[in-house]
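Notes for the one structure printed next.
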Amino acid sequence: MSASNDPLVIFTPSGKRGHFAVGTPILTAARQLGVDLDSVCGGRGICSKCQIQPSYGEFSKHGVTVADDALSEWNSVEERYKSKRGMIDGRRLGCQAQVQGDVVIDVPPESQVHKQVVRKRAEARDIVMDPSTKLYYVEIQEPDMHDPTGDLERLVKALRDQWELPHLEADLGILQTMQPILRKGGWKVTCAVHLGDDMFSPRIMHIWPGFYEGTIYGLAVDLGSTTIAGHLCDLQSGEVVASSGIMNPQIRFGEDLMSRVSYSMMNKNGAEEMTRAVRDGMNALFVNIANEAEIDRNLIVDAVFVCNPVMHHLFLGIDPFELGQAPFALATSDSISIRGLELGLNLHPAARVYLLPCIAGHVGADAAAVALSEAPDKSEDLVLVVDVGTNAEILLGNKDKVLACSSPTGPAFEGAQISSGQRAAPGAIERVMIDPITKEPRFRVIGSDLWSDEDGFEESILSSGITGICGSGIIEMVAEMRLAGIVDGPGLIGSPTQTGTERCFLDGRTHSYLVWDGTEKGGPRITVTNRDIREIQMAKAALYSGARLLMDKFGVDTVDRIVLAGAFGAHISPKHAMVLGMIPDCPLEKVTSAGNAAGTGARIALLNTSSRREIEKTVKDIHKIETAIEPRFQEHFVNASAIPNSVEKFPILETHVTIPNVNFNTGSDDDGRSGGGRRRRRRG
Ligand code: FES
C-alpha cells in the first residue's frame, strides 16, 4: 500500500480497501489487503484463477468515481487466454490488470480461494473451502555446476520463495519421478502440496510438468453397516463431481453390527476377513466413482471417512471385540490421520485418509459427522438431532451443552424383520393413506409418482410391480392404521367386526391387515401383521426413549426443533413419526430433514480442514449418555411402546389429527401387545 494520494482500490464483497501506486497489479493489491483472490500460477497469466470484475461509474456508497481507464488496457496475455479458453465479458485477469485510478473490483465466487460451497437447506451453513491439498505452479532455478544443490532442494526453495510455503518434504515416490518432470516442464512445474496437519508435515504429493490444467480430488465416504456411499469432490471448486454407493460386503458376515462382532469372536481371523471385505468393497467403490467421473484414481489425494465404532475398528483392522461388551471401550476415540496405502486403498499413492473422532463406544464418527453438519453446539435454540438407522444416534443440545447417546432401534425402520418389509427400492410402498371411514388404503410405490387409486398407476408400475413396504412406508402404514382405528393404542390390530373391514383377518392368534393382494398376477400378498406392529413399537420406543433420556438429562420436557437425519430420516413424514410417538412433541413445522447428515459432515471435513480441528474439540465437549446402564431408559421404553406414547401428551399433534380411542383387547389373547415394552433389543 502506498500514499493516500495514490489511487484507491476497493474490493467487494469483502469491502477491503487501500491506496496503491499506479501500475500495481490487482492481484498484488488483493494479496496485500488480504483479499481472498485465487491464483495457482502466481501471477504469470496462465491459470486464470485470478479473474476479477471491475466496475465503472459513480459509487456514492464508496465515495469514488471509477473512470473508464481506471485499469491498464486489456493486454495480450488476457486476449490469448480469452480466445483460447473464453472469459466472461467485462472480466479481467487480476494479475494482468494494473491500477491506473480509483477502482472498485468485485471478486466473483469462483475466484475466491475460500469460496463457499452453498448447501441447499436454508438452515445449513455453507462450507468454506479450505482443503488439505492445493496446487501451486512454480518456476525453478536450473541446476548449476557452481551451485551443487539437488533438484528437490531447488524445487522446495522455489515453493517457499514464490508461495511462502513452509519447508516441504517429499516421499521417495516424488524423488523417483521428479527429475524427468522438471526437465520436461522446462523447469516449470505444478505441485500438489499437502499443507500438513497434526500427524503429517507439509509435503509435495505430486508434480506435473508445466502448468497442470486439471484438478485434484477428494473423497467423502459414509461407511455404513449396510451401504458404503462415496462422494467425489473437486478440491478446488468444492463441487461434488460424482457419487456412488455399494452394499457393504460385510453383510455376508451378519446383517447387523452385533452379529459382525460375534462373527469376529467366534471365528479365528474373522475380524481380518471382515477388514479385507470392507477394504475390497471400498476399492470397488473407488473404481466405480472414478469411472463415473471419468478421472484417474491417482488424482484422489485426500479421503474422509465417517462410520460407526464397529465399522471404524473393522476398517482400520482393529478387532471390535471390546465393543461387544461393557464398558464398550474403543481402541481410540481420537480422530485418525493415516496414509491410504496403509489401509490398502487404491488412491493416489501418497493420499491421506482422515477418520473423524468417535464420541463414545456406541456413538461413532458418523454421529460426530452429524454434529459437524448440523452443529447443535452452535444452535441458539434447543435442537434434537436424530440419525435414524439400525442404531439411532441422538444428539440434544444448544450452544451451552450437547448430549449424545445411541439407541438400539434394530433394523425394523429399514424394512427388515417386517413380514412384507424390504429395502427402499423400486416397487416398495413408501407413502400410505388409509381412509378412516372405509379403512381402504391408497399408497405410492418407489418409482412412480402416482397414488394407487389414480389413473395410470398400474401402467406406471409395470416394470417394478408392488413388492413390499420400505422403512418409511411401514412407519406411515402403522401410523395410518392407528389413525384409521385399525390398530389400538397398545398396538393390537382389531378383528373385522371391531374395525368394520374385511381387510383385517385372523392370522394365527392375532389379526393382520391386507394392504395389497397381487397373487392373481403372480405378485405378493402384502400384509401388516401384529408382529410387524410390535417390531415397529419396539424400534420407535427405543428411539423415543433415547431422546427422552437425553431430555431428562438436559432437564427439559420439550425441544424447540427436531432434525431427522440419515437417508431414511429424509423420507419420514414428521406427522406420522409423531402419531407413532417416535419423536417428542414439537411443532410439525419445526421438524426438518437433514438428509444424509453424516455424509455431509464427511464432505465438510474433506473440504474444510479447519473443521476437523473444530469437530475434534466439539466431540470432547459432548456429554455421552450410555443408555444400557440408565434405569430411566427402561422406564421410558415401557411407556413409549404405546401408539402414541402413553407418556407424551402430544398437544401439537392433536391440532392436526384425531387419534381414535379404540381398544381391541378382548382378554383372550395378549400376544399382539405384550412385546412392545417388555423386551430390550440387543444392540445392533
Ligand atoms: S494468477 Fe494465474 S492467471 Fe492470474
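The values are calculated or read from the model by the stated rules, or taken from the named source; none is laboratory data. Remember, it's a predicted structure, so these values are computed and weren't measured experimentally. With ideal geometry, Cβ positions are generated from the backbone for all residues, glycine too; neighbour counts draw on all protein chains shown. To get the accessible areas, we keep the full protein, side chains included, count just its heavy atoms, and leave off ligands, DNA and RNA. Shrake-Rupley method; radii C 1.70, N 1.55, O 1.52, S 1.80 Å.
Here K620 and S259 are evaluated by their C-beta separation; at R0 = 30 Å the FRET efficiency comes out at 0.40. With protein chains left intact and a 1.4 Å probe, residues in the stretch 467-556 average 30 Å² of accessible area per residue.
Listed by chain and number, the lysines whose C-alpha is less than 19 Å from the C-alpha of K590, apart from same-chain residues fewer than 8 away, are K120, K378, K399, K575, K649. The mean sequence separation of alpha-carbon pairs under 8 Å and at least six residues apart, normalised by the residue count of the chain, gives a relative contact order of 11 percent.
Distance from the Cα centroid of the stretch 255-269 to that of the stretch 162-205 is 43 Å (rounded to whole angstrom). Taking the Kirkwood radius as Rh and the Cα radius of gyration as Rg, the stretch 423-524 has a ratio of Rg/Rh equal to 0.97. The overall shape of the stretch 91-193 is oblate: from the C-alpha gyration tensor, with semi-axes ordered a ≥ b ≥ c, the ratio a/c is 1.5 or greater and a/b is no larger than b/c. For the pair E294 and E213 in one chain, pulling the backbone fully straight at 0.36 nm per residue adds 27.6 nm over the alpha carbon distance.
Sparsely packed loop sites in the stretch 289-335 (the GluC sites (Glu not before Pro) outside DSSP H, G, I, E and B with at most 10 other Cβ atoms within 10 Å) comprise E294. The angle between the Cα long axis of helix 597-607 and the main principal axis of the chain comes to about 10°, on a 0 to 90 degree scale.
With a ≥ b ≥ c taken as the square roots of the eigenvalues of the C-alpha gyration tensor of the stretch 297-404, please select rounded if a/c is under 1.5 and otherwise prolate if a/b is larger than b/c or oblate if it is not? Oblate, since a/c reaches 1.5 and b/c is not below a/b. Here the stretch 412-476 exposes an accessible surface that is 51 percent carbon and sulfur, computed with a 1.4 Å probe and the other protein chains kept in place.
Extension gain, A424-T65: 0.36 nm per intervening residue step, less the Cα-Cα distance, totals 123.2 nm.
Among the GluC sites (Glu not before Pro) found in the stretch 337-409, those both in a DSSP coil and sparsely packed, with 12 or fewer other Cβ atoms within 10 Å of their Cβ, are E380.
Simple spin-label estimate for R613 and D89 gives 4.6 nm between the two label positions (7 Å along the Cα-to-Cβ direction from each Cα). Quarter the surface of the alpha carbon convex hull of the chain and you get the mean projected area, 37.3 square nanometres. For the chain, a simple Cβ point-charge model (Lys and Arg +1, Asp and Glu -1, everything else neutral) yields a dipole of about 880 debye relative to the Cα centre.
Per residue, the stretch 297-404 exposes an accessible area of 26 Å² to a 1.4 Å probe, with every protein chain left in place. Legend note: in the chain, cysteines whose Cβ sits 4.7 Å or more from every other cysteine Cβ are C50, C95, C191, C233, C307, C358, C405, C470, C504, C586. Between K184 and A21, the simple spin-label model (points 7 angstrom out along Cα→Cβ) gives 4.1 nm. Computing FRET efficiency as 1/(1 + (r/R0)^6) for L514 and T658, where r is the C-beta to C-beta distance and R0 is 22 Å, gives about 0.35.
Modelled spin-label separation between E110 and D560, with each label point placed 7 Å from Cα along the Cα-to-Cβ direction: 3.9 nm.
Note on K521 and T227: with the Förster distance fixed at 51 Å, the Cβ-Cβ geometry gives a FRET efficiency of about 0.95.
Once the 1.4 Å probe is applied to the protein heavy atoms, the stretch 67-204 comes out at 53 Å² accessible per residue.
Loop-located GluC sites (Glu not before Pro) in the stretch 45-120 (DSSP state not H, G, I, E or B) with no more than 12 neighbouring Cβ atoms inside 10 Å: E73.
Here the peptides 455-462, 44-51 are ranked by packing, the mean other Cβ count within 10 Å, and the order with the highest first is 44-51, 455-462. Candidate cross-link partners of K188 among the lysines, defined by an alpha-carbon separation under 25 Å and a same-chain spacing of 8 or more, comprise K49, K82, K84, K134, K157. Ordered from highest to lowest accessible area with the whole protein assembly present and a 1.4 Å probe, K268, K439, K540 read as K268, K439, K540.
Remark: the Cα gyration tensor places the stretch 550-635 in the oblate category, a/c being 1.5 or greater and a/b not exceeding b/c. Compactness ratio of the stretch 371-415: Cα Rg over 2.2 N^0.38 Å, N = residue count? Cα Rg divided by the expected 2.2 N^0.38 Å: 1.25.
The accessible surface of the stretch 188-316, taken with every protein chain in place and a 1.4 Å probe, is 50 percent carbon and sulfur.
By DSSP, the beta bridges lying fully in the chain are antiparallel in about 70 percent of cases. The Cα atoms of the stretch 333-480 cover 57, 42, 27 Å along the three principal axes, with the biggest extent listed first.
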